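Comments concern the structure below.
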Amino acid sequence: MVSVSSVLEEAAAQDMAAESHPLVTIGVPTYMRPQLLERALACVARQNYCNIELIVADNATPGTEVSTVVNQFRSRVGNLVFIRHPRNIGAHANFLALLDAANGKYFMWLADDDEISDNYIASLVEVLEKNPDAATATGHWITVFANGVRWPRSTSNFPQKSTLVRALRYIWRTDDAFFYALHRTSAIRQASFPGYWWPNRLTVLSWGYVFLLDMVLRGRIVLASDRSVEFVNHNDVPKQYDAGGSGLAAIARYVVRQVNVHFLYQVKIARLLGALAVVPAGCVSIAAMCREFGSYFCDIALIRMRRWTARNPE
């Protein structure tokens with residue numbers, strides 16, 4: 001017979017464990033890449049953290065290969081949830097479906113072709129627990145090429161106490177390197193991407209830039225001091241990125257999209273920091289766009305020069 005005191009002690013022990021090891025949700029969106037998914041799930045199973053909820057969302061991949069891969073990990077990851085959409089809802093909606101389904105205090109996305117180091121979750125939970133004013137904790141970004149070469153990338157972080165300073169720095173050096181970091185679920189659920197103007201209404205390219213500004217505005221973005229805490233981006237498979245092109249229509253779409261991104265920055269800053277904050281933020285946006293357009297058109301010129309050289313060999 002189980003005594004009441006032993007039940008209470010067990011419940012208290014579980015509460016203490018949950019407090020010292022808060023639940024972390026890892027959301028893995030996947031589509032048509034079961035072999036790579038297996039590698040991603042294996043790195044989750046190797047985490048040296050005991051309280052993980054793993055959610056895999058399959059965007060209607062034909063066949064049963066994805067479910068077969070997921071089922072292989074049910075014994076290795078105790079809290080595993082598999083979502084299979086009956087139809088393809090698009091990459092953006094699949095990412096958000098994972099966030100909606102999360103139950104953890106902390107949340108991260110993990111692409112189905114990437115990996116994280118075994119200490120990634122434990123180390124970043126510790127960073128967030130020690131820094132209650134941080135919205136996100138991030139590891140060090142490593143790119144691995146097809147030949148096995150590892151290239152440490154510059155990992156963005158915004159540790160400044162001032163919200164306006166963080167926002168200005170983010171606008172100037174916009175990147176989404178901390179997209180696959182560990183976020184406070186309560187904060188990232190307040191982030192949003194309202195969509196683009198015409199002619200980009202049907203694209204979500206660069207949506208992460210707009211989305212992540214909300215995280216910068218809601219707390220510090222802290223980089224782990226331990227360089228062994230790694231997010232590993234594999235560059236040996238094709239990415240689902242829009243190549244863009246160099247024709248007039250592609251150039252027009254790019255220009256309008258960049259203006260749209262910076263306009264959305266100003267809207268978010270005005271809502272959270274007030275209209276006066278738009279003055280410095282707008283100036284930084286103008287300077288950043290000048291730099292972005294300069295770099296873009298230089299790239300276009302180089303592409304066209306190479307094409308001309310290829311057509312007109314000496």
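The values are calculated or read from the model by the stated rules, or taken from the named source; none is laboratory data. All of these numbers come straight from a predicted model, not from anything done at the bench. Note: ideal-geometry Cβ built from the backbone for every residue, glycine included; neighbour counts use all protein chains shown.
Some points to look at:
- The criterion of at least 2 residues that are closer than 19 Å to S20 by Cα and out of contact with any Ser or Thr (no Cβ under 7 Å at 6 or more places or on another chain) is met, among strands (runs of 3 or more DSSP E) falling completely within the range 106-173, by 134-138.
- Of all the criteria given as (1) at pLDDT 95 or above; (2) closer than 22 Å to A102 by Cβ; (3) assigned to a loop (DSSP other than H, G, I, E, B), the one not satisfied by T25 is (3).
- Of all residues in the range 154-187 being in contact (Cβ under 8 Å) with a residue 12 or more places away in the chain and of a type in the set (K, R), the one that is farthest from V125 (Cα to Cα): R173
- Considering (1) in contact (Cβ under 8 Å) with a residue 24 or more places away in the chain; (2) more than 25 Å from the chain's Cα centre (by Cα), the lone condition that R220 does not fulfil carries the number (2).
- Restricting attention to the range 157-181 and to residues that are among the charged types (D, E, K, R) and under 22 Å from L205 (Cα atoms), the residue that is modelled with the highest pLDDT turns out to be R169.
- Candidates S154, S192, filtered to the one that is surrounded by fewer than 18 Cβ atoms within 10 Å (Cβ to Cβ), at pLDDT 95 or above, hydroxyl-bearing (S, T, Y) and under 25 Å from I26 (Cβ atoms): S192
Conditions (1) in a helix (DSSP H, G or I); (2) in contact with a Ser or Thr (Cβ under 7 Å, 6 or more places away or on another chain), marked per residue:
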| site | (1), (2) |
| --- | --- |
| Y254 | yes, no |
| R271 | yes, no |
| A277 | yes, no |
| G282 | yes, no |
| A287 | yes, no |
| I300 | yes, yes |
| R304 | yes, yes |
| A310 | yes, no |
| P313 | no, no |
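- In this structure, V81 does satisfy being without any contact (Cβ under 8 Å) to a residue 40 or more places away in the chain, in a strand (DSSP E or B), crowded, with 16+ Cβ neighbours inside 10 Å and in the same structural domain as Q35 (by TED's automatic domain parsing).
- The set of residues from the range 219-251 being modelled with pLDDT of 95 or more, part of a loop (DSSP other than H, G, I, E, B) and among the aliphatic types (A, V, I, L, M) comprises A224, V229.
- Residue among D236, D175 that is acidic (D, E) and in contact with a helix residue (DSSP H, G or I) (Cβ under 8 Å, 6 or more places away or on another chain): D175
- Here the condition is being under 13 Å from the mean Cα position of the chain (by Cα) and of a type in the set (D, E, K, R); of D176, D226, it holds for D176 alone.
- Count - residues of the range 188-207 that are more than 14 Å from the chain's Cα centre (by Cα) and either part of a strand (DSSP E or B) or free of Cβ contacts under 8 Å to residues at least 60 places away in the same chain (or both): 7
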